[in-house]
Every structure is written in structure tokens, then in C-alpha cells.
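So the structure is just underneath, and the comments pick up after that.
The values are calculated or read from the model by the stated rules, or taken from the named source; none is laboratory data. This is a predicted model, so every value here is computed, not measured. Positions of Cβ are backbone-derived with ideal geometry, glycine not excepted, and every protein chain shown enters the neighbour counts. Keep in mind that these areas ignore ligands, DNA and RNA; they rest on the heavy atoms of the full protein, side chains included. Shrake-Rupley method; radii C 1.70, N 1.55, O 1.52, S 1.80 Å.
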Amino acid sequence: MHRSARILAVAAPLALMVALAGCSTADSGKPAASATATETAKPAEKTPAVTIGDAIGAVKDGKPVIITDSRGSYQKMALNPDAAFAKTIPSDNDGTAKQSGFSDADILDGQKWVSEFIVSEAIDSTILDDHDGKRDWIAAHKNILEGDVLAIANASPDELAFLNTQKPTDAVSVTYARDGKPRAKNVTVKLNQVRGLTQGGEAYLLFDGAYDVAYRAKSTDVYAAYEAKGYSKDQVNSTLPDILSKDELPVHGTATFQWALHQVGEAWRIAGEQYTYDNTLT
């Protein structure tokens with residue numbers, strides 16, 4: 001039986017606030033990339049995508065998308081094209097989405113968009129284990145945030161709950177694996193409910209769901225994280241006995257969420273959010 005150590009928790013969800021959008025021009029419907037792999041002039045031999053449950057290791061032009069930061073390199077994650085949750089409208093569908101003017105095609109389009117965002121950013125943001133770049137992330141993704149969500153992001157980045165990032169105040173802040181591979185080894189996402197909401201003459205899609213992910217942390221980085229908080233090696237060994245025999249430990253991440261999406265032209269934007277997550281080193 002393994003003991004566990006809580007390394008990160010956001011206990012209180014933000015109240016869902018559906019913000020009204022003004023007359024704005026539609027931007028690209030996909031989140032802007034915070035970093036990308038270097039492209040080559042000639043297409044290289046294609047690399048098969050690594051399957052990580054409902055995610056895959058991102059590949060572009062036949063090459064893995066590698067993110068390099070001050071801590072090392074890892075492969076970015078993307079939505080698995082075979083992920084069923086992104087392609088089937090939740091059975092818990094009370095008809096309010098259609099009453100709000102959304103067709104099945106609209107629902108599936110919004111569902112695919114938010115599914116891609118959940119995997120590539122909520123679960124695998126470039127600032128997942130590094131708080132310092134939060135404002136840069138927000139600046140790069142302003143085109144997909146609006147109203148109160150954008151205002152909160154600009155004024156108090158730490159209050160934007162769906163950015164699953166560690167903070168200096170956390171009990172322990174562990175750097176996830178930097179070995180050129182994805183930082184997670186399993187991702188499961190569920191969309192449990194879809195509804196529609198009309199407010200102030202604007203229509204919104206609301207998706208409720210949850211995810212479960214196993215992040216990868218090298219044992220050496222776990223020791224370093226605890227040492228930074230004043231714990232001894234013996235204390236770590238006592239709390240996490242598997243660290244004595246394993247080079248890598250899992251960090252179990254779970255979340256429940258609700259997203260309110262607003263369609264502007266053909267693009268989708270996040271107009272409201274309610275989100276709780278918990279990452280535990282086991």
C-alpha cells in the first residue's frame with residue numbers, strides 16, 4: 001500500500017460566469033501554440049504518434065513536436081483522433097443546446113474544439129509545472145478568451161483555474177519528465193453533459209466533464225522538489241517508498257470542469273469556466 005503526498009490542489013471552483021461578448025472579429029478557432037518544433041525544409045521520415053489514451057504525442061510534418069524550456073525537452077500532447085469522447089454528443093443532453101440555436105454539427109464542432117483545448121492546454125500546458133510563464137501563456141491565447149474570463153486572466157492569472165499550473169506556494173512543486181517524451185503516460189477524458197444557455201441575446205454551449213491523467217516524474221526530480229521545501233531524503237523515502245526502487249513516479253491528476261463556449265463567426269471562445277483539479281504524487 002502506497003502513501004501519497006499532495007503536491008497541488010485547487011479546492012474552490014470559480015463560479016461560472018458567462019460573459020457577454022461585444023462586436024468582435026472572429027479569430028482562429030484553435031488555441032495559439034506557445035512553442036513549436038523546428039520545421040525542416042524537406043519532410044522527414046514520418047514518426048508514428050505515441051498513444052497516451054485520449055491523447056497522443058503531437059506530430060507535425062512527420063516529426064514529434066518537441067518543447068524545450070529551461071528544464072529540458074518533452075513532446076507536446078494532442079487530442080487522439082480516435083478519442084470517442086470528442087466525437088459523440090454526451091447522452092446527457094436536455095435539448096437546451098438546440099433550443100439555443102445550436103445544431104448537432106455546431107455541438108460537435110464546439111465539442112472537438114474544447115476537447116483539443118483540454119488535452120493540449122488544460123492537461124499539457126507549456127506552463128504545467130512552471131508558474132513563471134503564466135502571463136506569457138495568457139498573452140498568446142487572448143484570442144480564445146473573452147469577457148470576465150479574459151478580465152480575470154489579465155488581472156489575476158492565478159485565479160484562472162483551468163491553467164493547471166504549480167505555484168511557489170504549493171506544498172511541493174515537482175518538475176515532470178524532461179526526456180523528449182510526453183510528460184504523461186495515460187490520459188482519460190469524459191464529457192458528461194452538454195447544455196445550451198441564452199443570455200443577453202447571445203447563445204452559449206456548456207460542457208461538463210472530467211479528466212484523469214498520470215503524469216511522469218523522475219525520482220531525482222521528486223527528491224529535488226522535496227529538498228527545496230526542506231524535507232530530508234529519509235523523509236521522502238518514508239513517504240514514497242517506491243522511490244527507492246523506481247526511476248520514475250506517477251503524479252495522479254484529476255479534474256472536473258464546466259466550460260461555457262461562445263461562437264464568434266466560425267471560432268469558439270471560452271466565456272465561462274468552473275474548474276477544480278487535484279494532482280497527487282503517489
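Here the 3J(HN,Hα) profile of the range 95-111, calculated from phi with Karplus coefficients 6.51, -1.76 and 1.60 at θ = phi - 60°, is x, 5, 5, 5, 5, 8, x, 8, 7, 4, 5, 5, 4, 5, 5, x, 5 Hz, Gly and Pro shown as x. Taking amide H as placed 1.01 Å from N in the peptide plane, residue 183 has its amide H under 5 Å from the amide H of 75, each at least 5 places away in sequence or on another chain.
In the context of the full set of protein chains, residues of the range 193-282 present 39 Å² of accessible surface per residue (probe radius 1.4 Å, heavy atoms only).
Estimated at the nearest 10 Å², the accessible area of residue 232 is 50 Å² with a 1.4 Å probe. Computed 3J(HN,Hα) for the range 59-70, one whole-Hz value per residue from the Karplus formula 6.51 cos²θ - 1.76 cosθ + 1.60 where θ = phi - 60°, is 10, 9, 6, x, 10, x, 7, 9, 9, 10, 10, 5, glycine and proline marked x.
In the neighborhood of residue 175, defined by Cβ-to-Cβ distances under 15 Å, what is the net charge if each Lys or Arg adds +1 and each Asp or Glu adds -1?
-3
For residue 71 and residue 256, the FRET efficiency from 1/(1 + (r/R0)^6), where r spans their Cβ atoms and R0 equals 22 Å, is about 0.15. Summing charges over all other residues whose Cβ lies under 12 Å from the Cβ of residue 155, with Lys and Arg as +1 and Asp and Glu as -1, gives -2.
Applying 1/(1 + (r/R0)^6) with r as the Cβ-Cβ distance of residue 98 and residue 242 and R0 = 51 angstrom yields a FRET efficiency of 0.55. The relative contact order of the range 136-227 comes to 26 percent, based on Cα pairs under 8 Å that sit 6 or more residues apart. Neighbours of residue 131 by Cβ distance under 14 Å: Lys/Arg scored +1, Asp/Glu scored -1, total -4. Computed over protein heavy atoms with a 1.4 angstrom probe, the accessible surface ordering of 195, 269, largest first, is 195, 269. The range 150-181 and the range 81-103 have Cα centres spaced 30 Å apart. Please list the non-local residues whose amide H lies under 5 Å from the amide H of residue 160, H modeled 1.01 Å from N, same-chain partners needing a gap of 5 or more. Residues meeting the criterion, in which the H sits 1.01 Å from N, do not exist here. For the range 194-263, a Kirkwood radius taken over Cα pairs fed into Stokes-Einstein (37 °C, viscosity 0.692 mPa s) yields D = 213 µm²/s.
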